[in-house]
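Here's the structure, in structure tokens; my notes come after.
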Amino acid sequence: MCYIVSILSDGAQELGFSHFCLLRSRCLPRQVGLPLVMHRQYSLDISAQLLRTQGYVNGQWINAPSTFPVLDPATGEQIAKVADCGPAEAKLAVDAAYKAFYFWKQHTAKERSVLLRKWYDLLTLNKEDLAKLITFECGKPMKESLGEIAYAAGFLEWFSEEARRVYGDVVPSAAKDRKILLLKQPVGVASIITPWNFPSAMITRKAGAALAAGCTVVVKPAEDTPLSALALAELASQAGIPAGVFNVVPCSREKTPSVGTVLCTDPLVGKVSFTGSTATGKILLKHAADTVKRVSMELGGHAPFIVFDSADVDKAVAGAMNSKFRNSGQTCVCSNRFLVQSRIHDRFIEKLGKAMDAELRLGHGSDPNTTQGPLINVRASEKVEHQVMDAVSRGAKVLRGGKRLDGSFHQPTLLADVTTDMLCTREETFGPLLPVIRFSTEAEALAIANASHVGLAGYFFSQDVSQIWRVAENLEVGMVGVNEGLLSTPEASFGGVKQSGLGREGSKYGIEEYLDVKYMCFGGLTP
């Protein structure tokens, strides 16, 4: 079936361009294995105020010398053209944030808390429109996009409360004529560089903590998903967050290196926070090293998902479906390597295949029946295809899916007879590929799971209490899901070990990443 994506808006002139494109009809062929759910027409019909295409610096919407296109990954067609900010605009944003910092940090914790709460309220009020932006920018099904907006808003709510809980310490002194005080103060301007797979939540998780601490921020969103970031800027303005406190500089892939260099090397920037690949994170760390900036990095993952013989198989299958196929496998913490113990291996595989048949539907994210949208671009689907071909060439069997479809769609794929020499078990997939490795002993499973240079998340299913403690303590990851395939929440710390990054986000620890501890020795006191 064919469908048309039309972009509807009132007041387009106010957004800096005269019209939106009526995108041409495009057909995606039905493939054997999983149905491709399509209807005839989908429309990005949202408030004109939230569809912003300019940069946002010092409380003003700014143009750039050129623009770059934002594409719907389901069709490859253009949604809008966005200001392609470069080093000059990035420097303007840093200067504005630096100036605003000396004003913002003087706000009381309660004042900052109230403004963050207003921002949270506006996200909640506009959740439908914000979710539509996510769906059209990155292909995520609407149900998941709505979930992301709730998650994104949750960070603003959480840090609006944590703003008032930044406590210092009074330390007993060995000398009778002095007092020791430890004060916590904001680090300054924070550069925030975010990925496309959670275009709203990754911004609020960082910016919420930074603003709560008294820092100001400059956001560089992913080139694939700038519209969500700019919508957040509009709502920040509506919430009354002062000019210069929250800035957004969108840019194309071509200008990303030069903009990133400014944000990581400018001496006025006190902190860099990045979510993305380990390779890019290493580059940014080198940039930040010259001026010895504070950094927090949430980098690549390669999560193991272990199912032991004692597990409840039905719950393990449900956990695998949630962990692997959320956002078509494009999450930092989605499971990448599935290890299943020998005695229940065949039963797990059978039940998992049936669950995939019953629950997964490919299509445009706007269709309510869609559970699996497109991957972010053709390169992403080609990577999955390459891993499948490599695995098959080394003896793996395709039990479900296995094919790359038109554009950036790829069938959810189940592989059996997988070994540890295959690409899909040695590198992160970031797509709907589920490879299953058979193992015999707990020690073997842990050895395979820990044989990675990254360690973001890990999951396992077991009903043996002693085993649960042993495995949870010995998995070399920053987050462990025990009999649970979904673990992200604003209240919990998020971050990894090894080359999966530095620091933690969310939870009571997330705000600490934006605070310095100042030691104050108050002497000359009369005993």
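The values are calculated or read from the model by the stated rules, or taken from the named source; none is laboratory data. Just so we're clear, the structure is a prediction, and the values are computed from it rather than from any experiment. Backbone-built Cβ (ideal geometry, glycine too); neighbour counts: all protein chains shown. Protein only, heavy atoms only, side chains kept; ligands, DNA and RNA dropped before computing areas. Shrake-Rupley method; radii C 1.70, N 1.55, O 1.52, S 1.80 Å.
For the reader, a short list of remarks on this structure follows.
- The stretch 345-371 residues that are free of Cβ contacts under 8 Å to residues at least 60 places away in the same chain and within 14 Å of ALA318 (Cβ to Cβ), paired with ones that are among the charged types (D, E, K, R) and open to solvent by 70 Å² or more (accessible area, probe 1.4 Å) (beta carbon under 8 Å, 6 or more apart): LYS351/ASP314
- Only a single criterion out of (1) surrounded by fewer than 17 Cβ atoms within 10 Å (Cβ to Cβ); (2) out of contact with any strand residue (DSSP E or B) (no Cβ under 7 Å at 6 or more places or on another chain) is not satisfied by GLY407, namely (1).
- Counting residues in the stretch 436-452 that are under 24 Å from GLN499 (Cβ atoms), under 19 Å from the mean Cα position of the chain (by Cα) and among the charged types (D, E, K, R) gives zero.
- Complete set of residues in the stretch 36-64 that are surrounded by fewer than 20 Cβ atoms within 10 Å (Cβ to Cβ), in a strand (DSSP E or B) and at pLDDT 85 or above: ASP45, GLN60, TRP61, ILE62
- Matching residues, the stretch 340-377, being farther than 19 Å from TYR459 by Cβ, among the aliphatic types (A, V, I, L, M) and surrounded by 18 or more Cβ atoms within 10 Å (Cβ to Cβ): LEU360, LEU362, LEU375, ILE376
- Any hit, the stretch 473-488, residues being surrounded by fewer than 17 Cβ atoms within 10 Å (Cβ to Cβ), in contact (Cβ under 8 Å) with a residue 40 or more places away in the chain and touching a Phe, Trp or Tyr at 6+ places or on another chain (Cβ under 6 Å): yes
- LEU434 vs. criteria hydrophobic (A, V, I, L, M, F, W, C), touching a strand residue (DSSP E or B) at 6+ places or on another chain (Cβ under 7 Å), surrounded by 23 or more Cβ atoms within 10 Å (Cβ to Cβ) and farther than 30 Å from LYS286 by Cα: yes
For (1) in contact (Cβ under 8 Å) with a residue 60 or more places away in the chain; (2) of a type in the set (Gly, Ala, Ser); (3) surrounded by fewer than 24 Cβ atoms within 10 Å (Cβ to Cβ), each residue gets a yes or a no:
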residue	(1), (2), (3)
TRP119	yes, no, no
GLU148	no, no, no
GLU157	yes, no, yes
GLU161	no, no, yes
VAL166	yes, no, yes
VAL170	no, no, yes
ARG178	yes, no, yes
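- Only a single criterion out of (1) under 17 Å from LEU399 (Cβ atoms); (2) in a helix (DSSP H, G or I) is not satisfied by ARG337, namely (2).
- Residue match in the stretch 358-368 (condition: assigned to a helix (DSSP H, G or I) and not basic (Lys, Arg)): yes
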